[in-house]
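Shown next, in structure tokens, is the structure this report addresses.
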Amino acid sequence: MYKFIQGEYELHIDRRVKRKLKKSPFQVISFGHTHKPRIWKLKEKWILNTGNWRDEYVLNEKEKKYQPKPKSFGFILHTETEIKQIKLPITNF
């Protein structure tokens, strides 16, 4: 539990997730808010963890003001039938 609270965790893709993904009609499943962007490729399917895409702030104790945390967004380039490219560039706002 301590590692989870400190933000030291990793998402595990277990057999149940792999089975559901295999049966899914979708080529890409996307989610976020783990603060650790990552892309998984499982055969012909993709899992895209965008990391953090909502507005969040951290208090700068020295300057006594809130500063925005970095956001990350996923980009998926595709045609009607094919995923061409998936990227996770990090962007600060």
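Every number here is computed from the coordinates shown, using simple stated rules; none is lab data. What you are looking at is a predicted structure, and each value in this text was computed from that prediction instead of being measured. Cβ: placed from backbone, ideal geometry, glycine included. Neighbour counts: every protein chain shown.
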- Query: Which whole number in µm²/s is D for segment 19-93 by Stokes-Einstein, with the Kirkwood Rh taken over Cα pairs at 20 °C and 1.002 mPa s?
  - Reply: 153 µm²/s
- In terms of modelled amide H atoms, which long-range or inter-chain residues lie less than 5 Å from the amide H of Glu56? Lys69
- Query: For segment 15-40, list residues with backbone N below 16 Å from a point placed 7 Å from the Cα of Leu88 toward its Cβ?
  - Reply: 28-40
- Neighbour net charge for Tyr66 - beta-carbon separation under 12 angstrom, K R +1, D E -1: -1
